[in-house]
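Reviewing the structure listed below.
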Amino acid sequence: MLDQETRLKRNHIMLMKHQETSWYSGIMMMGKSEVSDAEFTAYTDGVNKKYSRPFMSKIKDDAKLRGLIMHENLHVALKHIQRCGDLFKENPKLANVSADFVVNDIIENLQDKANCILPDGALYNPMFRNWSVREVYMYLKKEQDKRKKDKQDGGGKGNGDGGDKQDSDSPNGEK
């Protein structure tokens with residue numbers, strides 16, 4: 001059985017060699033990609049990427065691990081930390097969820113599902129196809145405000161979507 005550091009490196013190389021994901025090789029080589037023993041999922045500071053050993057050990061399918069790797073690297077490629085800093089300051093959780101919907105849309109729409117797929121529980125909604133982080137954020141903020149107003153008005157009836165997806169923790173970590 002491979003240790004998680006070797007597994008991470010091997011899957012980086014597989015992504016860098018694959019025709020569909022090789023475009024991100026330069027981004028994958030930027031900064032450090034490290035495995036940590038801490039309990040989280042994965043995150044990026046905009047350059048460096050950290051992956052949780054306990055979380056990685058739960059992902060048995062390497063295509064799903066490559067999905068996680070692509071997820072973090074797409075945040076770097078799209079400069080979410082730098083370009084949306086104001087959103088992360090205003091509401092870090094909502095901004096994180098919005099950015100996750102954007103990168104997961106890209107991953108979900110890759111053609112070769114054997115190469116790279118979203119890990120179980122990843123935030124994805126086809127409604128957000130080709131939306132920017134700001135567009136998703138504003139939409140989710142509006143929906144969140146609408147639900148709060150409905151509760152304050154005593155309606156207590158949600159919008160019928162079965163839950164507050166934007167309030168759930170991303171399985172891919174805080175950014």
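Computed values, structure above
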| quantity | calculated |
| --- | --- |
| Rounded tilt (10° steps) of 92-108 against the dominant C-alpha axis of the chain | 50 |
| Potential lengthening between Ile106 and Ile13 on full extension [0.36 nm per residue; Cα-Cα distance subtracted] | 31.5 nm |
| Accessible surface, per residue, of the stretch 1-125 when the full set of protein chains is kept, probe 1.4 Å, Å² | 48 |
| For the chain: relative contact order, % (alpha-carbon pairs under 8 angstrom, 6 or more apart) | 22 |
| With DNA, RNA and ligands ignored, accessible area of Met14 (1.4 Å probe; Å², nearest 10) | 80 |
| Set of lysines with alpha-carbon distance to Lys151 below 16 Å, sequence-local pairs under 8 removed | Lys141, Lys142 |
| Surface share of carbon and sulfur [accessible, 1.4 angstrom probe, percent] for the chain | 53 |
| With all protein chains modelled, accessible area of Thr6 [1.4 Å, Å²] | 60 |
| Nearest-10 value in Å² for the accessible area of Glu39, using the 1.4 Å probe | 150 |
| Choice from Leu110, Leu87, Leu65 showing the highest fluctuation, given a GNM over the chain with Cα pairs closer than 10 Å | Leu110 |
| Those trypsin sites (Lys or Arg not before Pro) in the stretch 60-147 that DSSP places in a loop and that have at most 13 other beta carbons within 10 Å | Lys60, Lys79, Lys113, Arg129 |
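The values are calculated or read from the model by the stated rules, or taken from the named source; none is laboratory data. Quick caveat: nothing in here was measured; it's all calculated off a predicted structure. Here the Cβ is made from the backbone with ideal geometry for all residues, glycine too, and neighbour counts use every protein chain on show. Quick note on the areas: whole protein, heavy atoms, side chains included, nothing else; ligands and nucleic acids left out. Shrake-Rupley method; radii C 1.70, N 1.55, O 1.52, S 1.80 Å.
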